[in-house]
């Protein structure tokens, strides 16, 4: 689908079974029209643009993959309702709150150069626990 630099998504209602949208370098400023394909959309890429607001994404409850890197997003808290989300990329944005990465089913989150995944969280927790245990045993001596 080609949008030709329009600031908003148009004509989505004509794609009743749309599962994936990939837009790069477009001047999209509103995602509200996603409601027209929300029941079927599983993957969304809106990258390298000027997107600031995420209104409309919260209706896409079947989203598994969401890539919104290199935009101007400051608040991603509305993503908390996306319980099916597994992969999230918000790198190179202007995020002020990272609470969104606490989503239950998310397997990987990219916020910049570092990628946070279940494995990395598990390793970090194990390392932190083992350091705390060593400190406790050393203090007890």
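Points to keep in mind about this one:
- Of all residues in the range 85-107, those satisfying the criterion of being outside any loop (DSSP other than H, G, I, E, B) and either at pLDDT 90 or above or loosely packed, with under 15 Cβ neighbours inside 10 Å (or both) are 87, 88, 89, 99, 102.
- Enumeration of residues in the range 33-84 that are part of a helix (DSSP H, G or I), surrounded by fewer than 18 Cβ atoms within 10 Å (Cβ to Cβ) and more than 12 Å from the chain's Cα centre (by Cα): 33, 35
- Here is the figure for the range 28-62: residues that are touching a strand residue (DSSP E or B) at 6+ places or on another chain (Cβ under 6 Å) and under 19 Å from residue 106 (Cβ atoms) total 5.
- Flag if residue 58 is in contact with a helix residue (DSSP H, G or I) (Cβ under 7 Å, 6 or more places away or on another chain), within 20 Å of residue 8 (Cβ to Cβ) and modelled with pLDDT of 90 or more: yes
- Criterion (farther than 18 Å from residue 20 by Cβ and modelled with pLDDT of 50 or more) met by exactly one of 53, 48: 53
- For beta carbons closer than 9 Å, sequence separation of 6+ or different chains, a first residue in the range 100-116 that is closer than 10 Å to residue 79 by Cβ and a second that is surrounded by fewer than 14 Cβ atoms within 10 Å (Cβ to Cβ) and modelled with pLDDT under 80, the qualifying pairs are 106/118.
- Counting only residues that are touching a helix residue (DSSP H, G or I) at 6+ places or on another chain (Cβ under 8 Å) and under 12 Å from residue 71 (Cβ atoms), the range 27-48 holds 1 of them.
- Tally, over the range 16-27, of residues that are at negative phi, part of a loop (DSSP other than H, G, I, E, B) and touching a strand residue (DSSP E or B) at 6+ places or on another chain (Cβ under 9 Å): 2
- Of the criteria (1) modelled with pLDDT of 65 or more; (2) more than 16 Å from residue 47 (Cβ to Cβ), which one residue 120 fails: (1)
The values are calculated or read from the model by the stated rules, or taken from the named source; none is laboratory data. All values reported here derive from a predicted model rather than from experimental measurement. Methodologically, a virtual Cβ is constructed for each residue, glycine included, from the backbone with ideal geometry; neighbour enumeration extends over all protein chains shown.
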